[in-house]
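These notes are about the structure you will find just below.
The values are calculated or read from the model by the stated rules, or taken from the named source; none is laboratory data. Just so we're clear, the structure is a prediction, and the values are computed from it rather than from any experiment. Neighbour counts are summed over all protein chains in view; Cβ atoms, including those assigned to glycine, are modelled from backbone coordinates with ideal geometry.
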């Protein structure tokens, strides 16, 4: 079984992540590329997929945000001591703001929550992301990267629409920014521009959140090849992270130019039901794309790029097939392979 994850954070030369295809806390030494299984997350099912959507680090403490899990798992390094804060809400994004973590639910009707780090308390805020123009009881959802905080404002894309909620975190005031003829998904901010993918992952838009100032950016390649899940900035450019395609494009906004940064080799081990890559992190000045549907970590550098995979040895006691037809395993002494195959 290959290691897959939704997100990871970089702390003192190591990546820490919660596997999305089993219950497991793992670390990877970035310099030696050594994979280590640390432990299972307590108070969580051993057979649960996608326990956590995001992880945030602050002062050697990791905060794993629940998706299908039963609450926030707080891990205190280096001893890896656990604290559990119960929650019945599924969160798809977590945003650090001052001394709190704002938690964005998949179903926006569940409201915006806030984890107070100093008090170790999870509370529901009274922020109104719907403004006065949307029904609070509707089925509005947001994507995994459909929200961000910029200059004391929380922006949330209402997925599948052209509506973006803008909430002042200091005053609580909210407004709805509307764009016609578009259906948004994920959002990113870079050099005064908001970059937004459409919900079919076929187009990229940019805007300064002013009326009718939206610009459609044409991505090269065929529709399947150009499909992008989200974008991030790296090395003075925008990196287009593929959804199902094999091409990673690099976009230079200053001259409106695309170039192919990296081509991913096809493989039978890719989970075609998942976007290939979701989370990203910076480690050793390199941008790492973390595998959700793929099985390889993509390492993008300023001079060269590479990919590598982590595979588990099959020393397991119990074999269980789950609903997604992925084999999960339970073992008293879970062993991990001490080798990495470099592609």
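Scanning segment 184-193 for residues that are outside any strand (DSSP E or B) and either surrounded by 19 or more Cβ atoms within 10 Å (Cβ to Cβ) or in contact (Cβ under 8 Å) with a residue 24 or more places away in the chain (or both) yields one hit, 191. Here residue 121 meets each of (1) within 30 Å of residue 84 (Cα to Cα); (2) at pLDDT 95 or above; (3) crowded, with 18+ Cβ neighbours inside 10 Å with one exception, condition (3). It is to be established whether one or more residues within segment 67-84 are touching a strand residue (DSSP E or B) at 6+ places or on another chain (Cβ under 6 Å) and closer than 17 Å to residue 147 by Cβ. Looking through segment 67-84, at least one residue is touching a strand residue (DSSP E or B) at 6+ places or on another chain (Cβ under 6 Å) and closer than 17 Å to residue 147 by Cβ. Of the strands (runs of 3 or more DSSP E) lying entirely inside segment 266-343, those containing at least 1 residues that are modelled with pLDDT of 85 or more span 277-283, 286-291, 296-300, 305-309. The single condition from (1) closer than 18 Å to residue 257 by Cα; (2) free of Cβ contacts under 8 Å to residues at least 60 places away in the same chain; (3) out of contact with any helix residue (DSSP H, G or I) (no Cβ under 6 Å at 6 or more places or on another chain) that residue 239 fails is (2). Restricting attention to segment 248-257, the residues that are surrounded by fewer than 20 Cβ atoms within 10 Å (Cβ to Cβ) and in contact with a strand residue (DSSP E or B) (Cβ under 9 Å, 6 or more places away or on another chain) total 5. Counting the residues of segment 85-123 that are under 16 Å from residue 142 (Cβ atoms) and touching a strand residue (DSSP E or B) at 6+ places or on another chain (Cβ under 8 Å) gives 17. Condition test on residue 201, is it under 16 Å from residue 275 (Cβ atoms) and buried (at least 18 other Cβ atoms within 10 Å of the Cβ)? So residue 201 fits the description; yes.
The condition of being surrounded by fewer than 22 Cβ atoms within 10 Å (Cβ to Cβ) and within 21 Å of the chain's Cα centre (by Cα) holds for only one of 58, 54, that being 58. When every residue of segment 83-91 is checked against the conditions, at least one turns out to be part of a strand (DSSP E or B), under 15 Å from the mean Cα position of the chain (by Cα) and either under 26 Å from residue 158 (Cα atoms) or modelled with pLDDT of 95 or more (or both). For segment 124-141, filtered to residues that are at pLDDT 90 or above and touching a strand residue (DSSP E or B) at 6+ places or on another chain (Cβ under 7 Å), the residue that is surrounded by the fewest Cβ atoms within 10 Å (Cβ to Cβ) is 124. Using the structure shown, decide if residue 72 is crowded, with 18+ Cβ neighbours inside 10 Å, within 15 Å of the chain's Cα centre (by Cα) and in a strand (DSSP E or B). Spelling it out, it is not the case that residue 72 is crowded, with 18+ Cβ neighbours inside 10 Å, within 15 Å of the chain's Cα centre (by Cα) and in a strand (DSSP E or B). Checking 15, 25, 49 one by one, the residue that is closer than 19 Å to residue 282 by Cβ and either crowded, with 18+ Cβ neighbours inside 10 Å or at pLDDT 90 or above (or both) is 15 and no other.
Among the residues that make up segment 287-295, is at least one of them surrounded by fewer than 22 Cβ atoms within 10 Å (Cβ to Cβ), touching a residue at least 60 places away in the same chain (Cβ under 8 Å) and more than 13 Å from the chain's Cα centre (by Cα)? Yes. Residue count for segment 163-176 under the criterion of being assigned to a strand (DSSP E or B) and either over 17 Å from residue 194 (Cβ atoms) or more than 24 Å from the chain's Cα centre (by Cα) (or both): the result is 3.
The one condition from (1) at positive phi; (2) surrounded by fewer than 18 Cβ atoms within 10 Å (Cβ to Cβ); (3) modelled with pLDDT of 90 or more that residue 33 does not meet is (3). I'd like to check something: does segment 207-228 contain any residue that is under 17 Å from the mean Cα position of the chain (by Cα), surrounded by 12 or more Cβ atoms within 10 Å (Cβ to Cβ) and part of a strand (DSSP E or B)? There is at least one residue in segment 207-228 that is under 17 Å from the mean Cα position of the chain (by Cα), surrounded by 12 or more Cβ atoms within 10 Å (Cβ to Cβ) and part of a strand (DSSP E or B).
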